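The values are calculated or read from the model by the stated rules, or taken from the named source; none is laboratory data. All values reported here derive from a predicted model rather than from experimental measurement. These accessible areas exclude ligands, DNA and RNA; they are computed on the full protein's heavy atoms, side chains included. Shrake-Rupley method; radii C 1.70, N 1.55, O 1.52, S 1.80 Å.
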Amino acid sequence: MAKIMVSAGEVSGDMHAAAVLKKVKEKNSSIQIFGMGSTALREIGAEILIDPTKISTIGYIEALKNLKEHFKHLKEMKKILRERKPDLVFLVDYSAFNMKLAKACSQEGIKAVNYFPPSAWVYNKRRADKMASYRTHIAAVFPMERDVYREAGAEVTFVGHPLVDIVEVDKTAAEIKKELNLDQQKQVISLFPGSRRGEIESLLPEMLQAACSIKAEKPEIEFLLAAAEGIEPEYLKSFTEKVELDLKIIQKKNYQLMQISEFIISASGTTTLEAAILDTPQIICYQAALTTYFLAKYVFKVEFVGLPNIIAGEEVVPELLQQDFEAEKITETALNWLNDKKELNKIKEKLQTVRHKLGGGGAVEKTADLLLREGGLKNSG
(Lines give C-alpha, C1' and ligand atoms only; values in the text may rest on other atoms or scores of the structure.)
Protein backbone atom coordinates (compact mmCIF):
# COMPACT_ATOMS: atom_id res chain seq x y z
CA MET A 1 0.00 0.00 0.00
CA ALA A 2 1.24 3.48 -0.89
CA LYS A 3 2.09 5.57 2.16
CA ILE A 4 2.37 9.31 2.92
CA MET A 5 3.74 10.46 6.25
CA VAL A 6 2.55 13.93 7.32
CA SER A 7 4.10 16.38 9.77
CA ALA A 8 1.89 19.31 10.84
CA GLY A 9 2.49 20.86 14.24
CA GLU A 10 -0.04 23.65 14.59
CA VAL A 11 -3.79 24.07 14.11
CA SER A 12 -3.42 26.06 10.88
CA GLY A 13 -0.90 23.57 9.48
CA ASP A 14 -3.21 20.70 10.40
CA MET A 15 -6.03 22.36 8.45
CA HIS A 16 -3.88 23.09 5.38
CA ALA A 17 -2.44 19.56 5.42
CA ALA A 18 -5.90 18.01 5.72
CA ALA A 19 -7.26 20.00 2.77
CA VAL A 20 -4.45 18.77 0.51
CA LEU A 21 -4.48 15.16 1.71
CA LYS A 22 -8.26 14.96 1.39
CA LYS A 23 -7.79 15.89 -2.27
CA VAL A 24 -4.99 13.30 -2.56
CA LYS A 25 -7.35 10.59 -1.27
CA GLU A 26 -10.00 11.64 -3.77
CA LYS A 27 -7.44 11.04 -6.51
CA ASN A 28 -6.05 7.82 -5.00
CA SER A 29 -8.19 6.24 -2.29
CA SER A 30 -5.67 3.46 -1.56
CA ILE A 31 -3.07 5.79 -0.01
CA GLN A 32 -2.40 5.33 3.69
CA ILE A 33 -1.74 8.55 5.62
CA PHE A 34 -0.10 8.69 9.05
CA GLY A 35 2.08 10.91 11.22
CA MET A 36 1.81 14.09 13.26
CA GLY A 37 -1.24 16.37 13.23
CA SER A 38 -4.55 16.97 14.92
CA THR A 39 -8.32 17.12 14.46
CA ALA A 40 -8.60 18.10 10.78
CA LEU A 41 -6.21 15.35 9.64
CA ARG A 42 -7.92 12.81 11.86
CA GLU A 43 -11.26 13.72 10.29
CA ILE A 44 -10.02 12.84 6.79
CA GLY A 45 -8.89 9.42 8.00
CA ALA A 46 -5.23 10.02 8.78
CA GLU A 47 -3.65 7.90 11.51
CA ILE A 48 -2.47 10.49 14.05
CA LEU A 49 0.44 9.13 16.07
CA ILE A 50 1.42 12.44 17.67
CA ASP A 51 -0.79 15.50 18.33
CA PRO A 52 1.49 18.43 19.23
CA THR A 53 -1.12 21.21 18.98
CA LYS A 54 -1.55 21.47 22.76
CA ILE A 55 2.04 22.70 23.11
CA SER A 56 2.00 24.97 20.05
CA THR A 57 2.91 28.50 21.10
CA ILE A 58 3.44 31.97 19.69
CA GLY A 59 6.67 33.73 20.62
CA TYR A 60 10.27 32.73 21.23
CA ILE A 61 10.32 32.46 25.02
CA GLU A 62 7.10 30.40 25.11
CA ALA A 63 8.50 27.93 22.55
CA LEU A 64 11.59 27.32 24.68
CA LYS A 65 9.42 26.11 27.57
CA ASN A 66 8.26 23.14 25.48
CA LEU A 67 11.61 22.35 23.89
CA LYS A 68 11.97 18.98 25.62
CA GLU A 69 8.58 17.86 24.33
CA HIS A 70 9.40 19.02 20.78
CA PHE A 71 12.63 16.97 20.77
CA LYS A 72 10.72 13.95 22.05
CA HIS A 73 8.25 14.32 19.15
CA LEU A 74 11.11 14.70 16.66
CA LYS A 75 12.76 11.51 17.95
CA GLU A 76 9.46 9.64 17.60
CA MET A 77 8.87 10.95 14.07
CA LYS A 78 12.37 9.90 12.99
CA LYS A 79 11.71 6.42 14.38
CA ILE A 80 8.39 6.22 12.50
CA LEU A 81 10.15 7.38 9.33
CA ARG A 82 12.75 4.60 9.60
CA GLU A 83 10.32 1.84 10.55
CA ARG A 84 7.39 2.57 8.22
CA LYS A 85 9.38 3.88 5.24
CA PRO A 86 6.73 6.06 3.56
CA ASP A 87 6.79 6.77 -0.16
CA LEU A 88 6.71 10.48 0.62
CA VAL A 89 6.79 12.85 3.61
CA PHE A 90 4.51 15.90 3.56
CA LEU A 91 5.94 18.70 5.74
CA VAL A 92 3.52 21.53 6.51
CA ASP A 93 4.67 24.76 8.20
CA TYR A 94 6.16 24.16 11.73
CA SER A 95 9.49 25.30 10.31
CA ALA A 96 12.13 24.58 12.98
CA PHE A 97 10.79 21.07 13.58
CA ASN A 98 10.18 20.21 9.93
CA MET A 99 13.63 21.38 8.84
CA LYS A 100 15.12 18.74 11.13
CA LEU A 101 12.69 16.15 9.81
CA ALA A 102 13.58 17.15 6.22
CA LYS A 103 17.23 16.39 7.03
CA ALA A 104 16.21 12.97 8.36
CA CYS A 105 14.25 12.31 5.16
CA SER A 106 17.35 13.16 3.13
CA GLN A 107 19.48 10.80 5.22
CA GLU A 108 16.94 7.98 4.77
CA GLY A 109 16.62 8.62 1.04
CA ILE A 110 12.90 9.43 1.32
CA LYS A 111 11.38 12.23 -0.75
CA ALA A 112 9.78 15.18 1.05
CA VAL A 113 7.54 18.05 -0.03
CA ASN A 114 7.36 21.19 2.11
CA TYR A 115 4.15 23.26 1.99
CA PHE A 116 4.39 26.64 3.80
CA PRO A 117 8.18 26.22 4.10
CA PRO A 118 10.48 28.23 6.41
CA SER A 119 10.14 31.97 5.70
CA ALA A 120 13.64 32.37 4.32
CA TRP A 121 12.47 35.45 2.44
CA VAL A 122 11.95 37.16 5.82
CA TYR A 123 15.25 36.28 7.45
CA ASN A 124 18.11 33.78 7.42
CA LYS A 125 18.27 32.74 3.77
CA ARG A 126 20.59 29.93 4.86
CA ARG A 127 17.44 27.99 5.75
CA ALA A 128 16.61 27.92 2.03
CA ASP A 129 20.14 26.63 1.34
CA LYS A 130 19.63 23.86 3.90
CA MET A 131 16.29 22.77 2.47
CA ALA A 132 17.84 22.76 -0.99
CA SER A 133 20.71 20.58 0.26
CA TYR A 134 18.16 18.13 1.73
CA ARG A 135 16.57 17.94 -1.75
CA THR A 136 13.19 18.86 -0.28
CA HIS A 137 10.68 19.88 -2.95
CA ILE A 138 9.20 23.27 -2.04
CA ALA A 139 5.49 23.90 -2.64
CA ALA A 140 5.69 27.70 -2.58
CA VAL A 141 2.61 29.73 -1.62
CA PHE A 142 4.17 33.21 -1.96
CA PRO A 143 6.07 34.61 -4.97
CA MET A 144 8.96 35.83 -2.80
CA GLU A 145 9.13 32.34 -1.27
CA ARG A 146 9.39 30.80 -4.75
CA ASP A 147 12.21 33.19 -5.70
CA VAL A 148 14.40 32.75 -2.61
CA TYR A 149 14.22 28.95 -2.75
CA ARG A 150 14.95 28.83 -6.47
CA GLU A 151 17.97 31.08 -5.90
CA ALA A 152 19.14 28.58 -3.26
CA GLY A 153 18.94 25.77 -5.82
CA ALA A 154 15.88 23.99 -4.43
CA GLU A 155 13.31 22.30 -6.65
CA VAL A 156 10.27 24.57 -6.41
CA THR A 157 6.67 24.39 -7.61
CA PHE A 158 4.69 27.60 -7.20
CA VAL A 159 1.23 26.42 -6.13
CA GLY A 160 -0.06 29.79 -4.91
CA HIS A 161 -1.90 30.53 -1.68
CA PRO A 162 -4.93 28.40 -0.70
CA LEU A 163 -6.71 31.47 0.66
CA VAL A 164 -7.36 32.58 -2.94
CA ASP A 165 -9.87 29.72 -3.18
CA ILE A 166 -11.18 29.96 0.36
CA VAL A 167 -11.85 33.71 0.53
CA GLU A 168 -15.04 34.41 -1.34
CA VAL A 169 -18.41 36.04 -0.72
CA ASP A 170 -21.47 34.84 -2.62
CA LYS A 171 -23.79 37.69 -1.59
CA THR A 172 -24.04 41.30 -2.65
CA ALA A 173 -23.30 44.13 -0.23
CA ALA A 174 -27.04 44.95 -0.15
CA GLU A 175 -27.91 41.34 0.78
CA ILE A 176 -25.30 41.26 3.53
CA LYS A 177 -26.48 44.58 4.99
CA LYS A 178 -30.06 43.33 5.00
CA GLU A 179 -28.99 40.13 6.75
CA LEU A 180 -27.17 42.16 9.43
CA ASN A 181 -30.04 44.65 9.79
CA LEU A 182 -27.88 47.55 8.65
CA ASP A 183 -29.00 50.76 7.00
CA GLN A 184 -28.42 50.31 3.27
CA GLN A 185 -27.43 53.98 2.89
CA LYS A 186 -24.78 54.05 5.60
CA GLN A 187 -21.10 53.49 4.91
CA VAL A 188 -19.43 50.78 7.00
CA ILE A 189 -16.03 50.58 8.67
CA SER A 190 -15.14 47.31 10.40
CA LEU A 191 -12.64 46.75 13.20
CA PHE A 192 -10.58 43.53 13.32
CA PRO A 193 -8.57 43.69 16.56
CA GLY A 194 -7.06 40.20 16.29
CA SER A 195 -7.62 36.64 17.44
CA ARG A 196 -5.59 36.59 20.66
CA ARG A 197 -6.44 38.38 23.89
CA GLY A 198 -2.99 39.93 24.13
CA GLU A 199 -3.27 41.74 20.80
CA ILE A 200 -6.90 42.70 21.43
CA GLU A 201 -5.92 44.32 24.73
CA SER A 202 -3.10 46.12 22.95
CA LEU A 203 -5.03 47.28 19.88
CA LEU A 204 -8.76 47.53 20.50
CA PRO A 205 -8.84 50.50 22.93
CA GLU A 206 -7.04 52.77 20.41
CA MET A 207 -9.18 51.45 17.56
CA LEU A 208 -12.33 52.33 19.51
CA GLN A 209 -11.04 55.80 20.36
CA ALA A 210 -10.35 56.34 16.66
CA ALA A 211 -13.84 55.10 15.79
CA CYS A 212 -15.35 57.63 18.22
CA SER A 213 -13.36 60.46 16.62
CA ILE A 214 -14.33 59.39 13.10
CA LYS A 215 -17.98 59.10 14.13
CA ALA A 216 -17.88 62.64 15.54
CA GLU A 217 -16.77 63.91 12.13
CA LYS A 218 -18.84 61.49 10.05
CA PRO A 219 -22.00 60.55 12.01
CA GLU A 220 -23.35 58.62 9.01
CA ILE A 221 -20.64 55.92 9.39
CA GLU A 222 -21.69 52.54 10.82
CA PHE A 223 -19.01 50.71 12.83
CA LEU A 224 -18.85 46.92 13.15
CA LEU A 225 -16.55 44.85 15.34
CA ALA A 226 -15.44 41.39 14.18
CA ALA A 227 -15.20 38.71 16.88
CA ALA A 228 -12.50 36.21 15.94
CA GLU A 229 -13.00 32.48 16.39
CA GLY A 230 -12.71 31.66 20.10
CA ILE A 231 -13.21 35.27 21.24
CA GLU A 232 -16.47 35.72 23.14
CA PRO A 233 -18.59 38.81 22.37
CA GLU A 234 -18.91 39.41 26.12
CA TYR A 235 -15.14 39.82 26.32
CA LEU A 236 -15.22 42.40 23.52
CA LYS A 237 -18.10 44.19 25.26
CA SER A 238 -15.79 44.80 28.22
CA PHE A 239 -13.93 47.16 25.88
CA THR A 240 -16.82 48.65 23.91
CA GLU A 241 -18.83 49.61 27.00
CA LYS A 242 -16.04 51.98 27.99
CA VAL A 243 -16.66 54.22 24.97
CA GLU A 244 -19.71 56.11 23.78
CA LEU A 245 -20.10 54.35 20.47
CA ASP A 246 -22.98 52.28 19.17
CA LEU A 247 -21.49 49.36 17.26
CA LYS A 248 -22.44 45.77 16.55
CA ILE A 249 -20.22 42.82 17.41
CA ILE A 250 -20.38 40.29 14.58
CA GLN A 251 -19.26 36.64 14.74
CA LYS A 252 -18.26 34.27 11.92
CA LYS A 253 -18.87 36.73 9.08
CA ASN A 254 -15.40 38.16 8.51
CA TYR A 255 -15.50 38.02 4.73
CA GLN A 256 -18.96 39.56 4.60
CA LEU A 257 -17.76 42.45 6.78
CA MET A 258 -14.79 43.01 4.49
CA GLN A 259 -17.12 42.99 1.49
CA ILE A 260 -19.41 45.74 2.81
CA SER A 261 -16.74 47.91 4.44
CA GLU A 262 -15.29 51.05 2.86
CA PHE A 263 -12.13 49.83 4.57
CA ILE A 264 -11.14 47.90 7.67
CA ILE A 265 -8.89 48.74 10.62
CA SER A 266 -7.06 45.51 11.36
CA ALA A 267 -4.42 43.81 13.45
CA SER A 268 -1.53 42.58 11.33
CA GLY A 269 -1.95 38.95 10.33
CA THR A 270 -3.87 36.63 8.03
CA THR A 271 -6.90 38.94 8.14
CA THR A 272 -4.98 41.54 6.14
CA LEU A 273 -4.27 38.98 3.41
CA GLU A 274 -7.91 37.87 3.34
CA ALA A 275 -9.01 41.50 2.97
CA ALA A 276 -6.46 42.03 0.19
CA ILE A 277 -7.92 39.08 -1.74
CA LEU A 278 -11.32 40.81 -1.52
CA ASP A 279 -9.75 44.12 -2.64
CA THR A 280 -10.70 45.72 0.69
CA PRO A 281 -8.49 48.69 1.73
CA GLN A 282 -7.13 48.49 5.26
CA ILE A 283 -5.19 50.27 7.94
CA ILE A 284 -2.78 47.71 9.42
CA CYS A 285 -2.10 48.01 13.14
CA TYR A 286 0.72 46.38 15.04
CA GLN A 287 2.01 46.76 18.57
CA ALA A 288 4.25 44.17 20.17
CA ALA A 289 6.77 43.79 22.98
CA LEU A 290 9.93 45.76 22.19
CA THR A 291 12.01 42.56 21.98
CA THR A 292 9.67 41.03 19.40
CA TYR A 293 9.55 44.24 17.37
CA PHE A 294 13.34 44.58 17.51
CA LEU A 295 13.75 41.03 16.18
CA ALA A 296 11.30 41.67 13.34
CA LYS A 297 12.58 45.07 12.29
CA TYR A 298 16.30 45.00 12.92
CA VAL A 299 17.41 41.39 13.18
CA PHE A 300 15.18 39.94 10.44
CA LYS A 301 15.45 43.16 8.38
CA VAL A 302 11.72 43.19 7.64
CA GLU A 303 10.75 46.34 5.76
CA PHE A 304 7.00 45.79 6.15
CA VAL A 305 4.85 43.96 8.68
CA GLY A 306 1.63 43.60 6.67
CA LEU A 307 1.44 40.70 4.23
CA PRO A 308 -0.17 42.76 1.42
CA ASN A 309 2.79 45.16 1.51
CA ILE A 310 5.37 42.37 1.73
CA ILE A 311 3.85 40.64 -1.31
CA ALA A 312 3.56 43.90 -3.27
CA GLY A 313 7.08 44.98 -2.35
CA GLU A 314 5.78 48.44 -1.50
CA GLU A 315 3.45 50.13 0.98
CA VAL A 316 0.10 49.56 -0.68
CA VAL A 317 -1.79 50.09 2.58
CA PRO A 318 -0.61 52.10 5.60
CA GLU A 319 1.02 50.42 8.58
CA LEU A 320 0.74 52.04 11.99
CA LEU A 321 3.40 50.30 14.07
CA GLN A 322 4.51 50.64 17.68
CA GLN A 323 4.62 54.34 18.65
CA ASP A 324 2.85 55.28 15.41
CA PHE A 325 -0.12 53.17 16.43
CA GLU A 326 -2.41 55.73 18.05
CA ALA A 327 -6.02 56.82 17.68
CA GLU A 328 -5.12 60.20 16.18
CA LYS A 329 -3.18 58.68 13.29
CA ILE A 330 -5.88 56.09 12.57
CA THR A 331 -8.45 58.90 12.54
CA GLU A 332 -6.37 61.09 10.25
CA THR A 333 -5.89 58.31 7.67
CA ALA A 334 -9.54 57.25 7.85
CA LEU A 335 -10.92 60.77 7.37
CA ASN A 336 -8.56 61.39 4.44
CA TRP A 337 -9.93 58.26 2.76
CA LEU A 338 -13.55 59.12 3.49
CA ASN A 339 -13.05 62.61 2.07
CA ASP A 340 -11.16 61.44 -1.01
CA LYS A 341 -12.46 58.23 -2.59
CA LYS A 342 -9.80 58.45 -5.31
CA GLU A 343 -7.21 57.30 -2.78
CA LEU A 344 -9.34 54.29 -1.82
CA ASN A 345 -9.80 53.37 -5.49
CA LYS A 346 -6.04 53.51 -6.06
CA ILE A 347 -5.53 51.13 -3.14
CA LYS A 348 -8.15 48.73 -4.51
CA GLU A 349 -6.34 48.62 -7.84
CA LYS A 350 -3.03 47.83 -6.16
CA LEU A 351 -4.67 45.10 -4.04
CA GLN A 352 -5.75 43.40 -7.26
CA THR A 353 -2.05 43.08 -8.08
CA VAL A 354 -1.44 41.50 -4.66
CA ARG A 355 -4.19 38.95 -5.31
CA HIS A 356 -2.74 38.19 -8.74
CA LYS A 357 0.69 37.52 -7.21
CA LEU A 358 -0.85 34.89 -4.92
CA GLY A 359 -1.57 32.69 -7.94
CA GLY A 360 -4.71 32.04 -9.93
CA GLY A 361 -6.27 29.67 -7.40
CA GLY A 362 -6.22 25.89 -7.17
CA ALA A 363 -3.38 25.71 -4.62
CA VAL A 364 -4.80 22.65 -2.86
CA GLU A 365 -5.30 20.75 -6.13
CA LYS A 366 -1.83 21.71 -7.40
CA THR A 367 -0.21 20.59 -4.14
CA ALA A 368 -2.12 17.29 -4.16
CA ASP A 369 -0.94 16.62 -7.71
CA LEU A 370 2.61 17.46 -6.67
CA LEU A 371 2.48 14.91 -3.81
CA LEU A 372 1.18 12.17 -6.11
CA ARG A 373 3.86 12.97 -8.66
CA GLU A 374 6.77 13.23 -6.21
CA GLY A 375 5.75 10.07 -4.36
CA GLY A 376 5.31 8.13 -7.58
CA LEU A 377 1.72 7.49 -6.49
CA LYS A 378 -0.52 6.95 -9.47
CA ASN A 379 -3.75 8.90 -9.73
CA SER A 380 -6.46 6.25 -9.47
CA GLY A 381 -9.33 8.72 -10.03
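Suppose we keep just the alpha-carbon trace of segment 125-280; what are its Rg and Dmax in angstrom?
19.7, 60
Which sequence of His137, His16 reflects their accessible areas, 1.4 Å probe, from the largest down?
Numbers: His137 10, His16 45 Å².
Ranked from most to least accessible, the order is His16, His137.
How would you classify segment 106-216 from its alpha-carbon gyration tensor, with a ≥ b ≥ c the square roots of the eigenvalues: rounded for a/c under 1.5, else prolate if a/b is greater than b/c, otherwise oblate?
Values: a/c = 3.72, a/b = 2.22, b/c = 1.67.
It comes out prolate by the Cα gyration axes.
Hey, what's segment 110-220 come to in accessible area per residue, 1.4 Å probe, Å²?
Working: 5160 Å² over 111 residues.
Here the per-residue accessible area is 47 Å².
Compute the helix-to-body angle for 67-84: its Cα long axis versus the longest principal axis of the chain, expressed 0 to 90° and rounded to tens.
Long axis of 67-84 versus the principal axis of the chain: about 40 degrees.
Which three semi-axes in whole Å describe the equivalent ellipsoid of the chain, each the square root of 5 times a Cα gyration tensor eigenvalue, listed largest first?
Numbers: eigenvalues 313, 93, 80 Å².
They are 40, 22, 20 Å, listed from largest to smallest.
Apply the a/c threshold of 1.5 to the C-alpha gyration tensor of segment 153-208 and tell me whether it is rounded, prolate or oblate.
Since a/c reaches 1.5 but b/c is at least a/b, the shape of segment 153-208 is classed as oblate.
For segment 297-374, what class follows from the C-alpha gyration tensor (a ≥ b ≥ c being the square roots of its eigenvalues): rounded when a/c is under 1.5, otherwise prolate if a/b is larger than b/c, else oblate?
In terms of gyration-tensor shape, oblate.
Once phi is turned into θ = phi - 60°, what whole-Hz ³J(HN,Hα) does the Karplus curve with 6.51, -1.76 and 1.60 give for every residue of segment 307-314, x standing for Gly and Pro?
Once θ is set to phi - 60°, the couplings for segment 307-314 become 4, x, 6, 4, 5, 6, x, 7 Hz.
Please list, ordered by chain and number, the residues whose modelled amide H lies under 5 Å from the amide H of Leu182; skip anything fewer than 5 residues away on the same chain.
When sequence neighbours closer than 5 places are left aside, there are no close amide H contacts.
What's the carbon and sulfur percent of the chain's accessible surface, probe 1.4 angstrom, rounded to a whole number?
Numbers: 8650 of 18210 Å².
Exposed carbon and sulfur together represent 47 percent of the surface.
Along the principal axes of its C-alpha atoms, what lengths does segment 102-147 span, in descending order and rounded to whole Å?
So the three principal-axis extents are 30, 18, 12 Å.
Relative contact order (percent) for the chain, with alpha-carbon contacts under 8 angstrom and 6 or more residues of separation?
Working: 656 pairs, mean separation 64.0, N = 381.
Value for the chain: 17 percent.
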